[in-house]
Amino acid sequence: MICEKLAAGRQKPPPNNPQQKPNRRETPDIAQRIRQDGCNSRQASPGKPIFYAIPLQLDYPMSSTKEKIQQQLADNPVIIYMKGVPTAPECGFSAKAVAILNATNLPYTYVDVLRAPFIRERLPSISRWPTFPQLFVNGELIGGSDIVEAMDKDGALLPLLQAALKPAAETDAGQVISHSEVEQLITTAYPDAKVYIVGEGCNLEIDVVSKEFAGSAMIKQHQGVMEALSSALASGRLHAVTLKTHTPEQWQAQQTAASPGLLQIQL
């Protein structure tokens with residue numbers, strides 16, 4: 001669970017107590033690179049958006065927040081800072097912006113600023129834009145939801161995103177991770193998990209079923225799985241992921257609903 005404790009990263013030990021350590025939790029800084037395969041056969045299916053969650057190290061001093069933001073902008077050609085997550089936006093403006101991005105079927109990165117308080121507080125002073133969401137392409141601010149909507153309507157948005165993602169598509173296909181490797185990474189973190197993977201190369205749709213998801217929020221479930229895949233994402237061997245997580249009960253109910261059985265007709 002990501003804690004929004006702004007003061008935690010700023011606290012320092014009393015000057016006369018060298019034994020006390022700062023209240024700071026170190027977590028791996030994993031920058032997930034977004035790449036798109038240029039092959040049309042590997043594009044996302046319509047209606048199935050692709051997005052990454054960036055693992056954030058939240059408990060760090062404000063002095064390094066600017067560097068963290070700059071690193072995120074440098075590592076991700078298309079990134080949106082929003083309220084909520086793409087599958088569950090927590091404001092209407094964020095919902096509008098991600099709906100437009102999802103309709104392009106192009107990969108992008110998001111950061112949920114409601115759960116990244118340092119980012120939420122610091123970004124407006126860097127971008128000179130006071131509200132959220134904020135869409136960046138190749139490190140440059142595009143704007144909020146109204147500007148994104150206007151660019152989409154006049155046809156300027158899609159070519160801009162495609163041009164930003166094109167250089168990242170130039171990756172050796174032989175370096176793409178296999179289904180078995182993806183499954184191994186996930187089951188290492190979730191030993192009881194059943195993993196179902198559809199797709200090849202850069203574009204994978206992954207369903208993960210585990211008892212460990214019971215009682216956890218969806219965002220927590222996704223963060224756990226994406227952390228398990230972080231090494232593959234950081235190396236570029238795994239590119240775009242559409243992720244769904246389920247408890248065994250949820251999975252069983254979904255399969256039952258999809259296969260209702262034979263229709264019986266009484267004469």
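Within the stretch 219-234, residues that are assigned by TED's automatic domain parsing to the domain that holds THR187 have Cβ atoms under 9 Å from residues that are of a type in the set (Phe, Trp, Tyr) and in a helix (DSSP H, G or I) in these pairs: LYS220/PHE213; GLN221/PHE213; GLY224/PHE213, counting only partners at least 6 apart in sequence or on another chain. If you go through the stretch 131-145 and pick out every residue that is buried (at least 24 other Cβ atoms within 10 Å of the Cβ) and either on the phi > 0 side of the Ramachandran plot or basic (Lys, Arg) (or both), you end up with 0. The sole residue among VAL176, VAL137, VAL148 that is among the aliphatic types (A, V, I, L, M) and within 18 Å of the chain's Cα centre (by Cα) is VAL137. Scanning the stretch 207-218 for residues that are crowded, with 17+ Cβ neighbours inside 10 Å and either in the same structural domain as THR87 (by TED's automatic domain parsing) or within 11 Å of ALA189 (Cα to Cα) (or both) returns a single hit, SER210.
Being modelled with pLDDT of 90 or more and aromatic (Phe, Trp, Tyr), is that true of even one residue in the stretch 69-89? Looking through the stretch 69-89, at least one residue is modelled with pLDDT of 90 or more and aromatic (Phe, Trp, Tyr). The condition (being of a type in the set (A, V, I, L, M, F, W, C), within 25 Å of LYS244 (Cα to Cα) and modelled with pLDDT under 90) is satisfied by just one residue among ILE186, ILE206, ILE177: ILE177.
Counting just the residues of the stretch 201-227 that are touching a helix residue (DSSP H, G or I) at 6+ places or on another chain (Cβ under 7 Å) and part of a loop (DSSP other than H, G, I, E, B), which one comes out farthest from VAL85 (Cα to Cα)? The selected residue is GLY201. Taking helices (runs of 4 or more DSSP H) as the structural unit, those lying wholly within the stretch 88-162 and holding at least 1 residues that are out of contact with any helix residue (DSSP H, G or I) (no Cβ under 9 Å at 6 or more places or on another chain) and over 29 Å from LYS220 (Cβ atoms) correspond to 145-153.
The values are calculated or read from the model by the stated rules, or taken from the named source; none is laboratory data. Since the structure is predicted, the reported quantities are computational estimates derived from the model, not experimental observations. Glycine also receives a Cβ, built like all others from the backbone with ideal geometry; neighbour counts cover every protein chain displayed.
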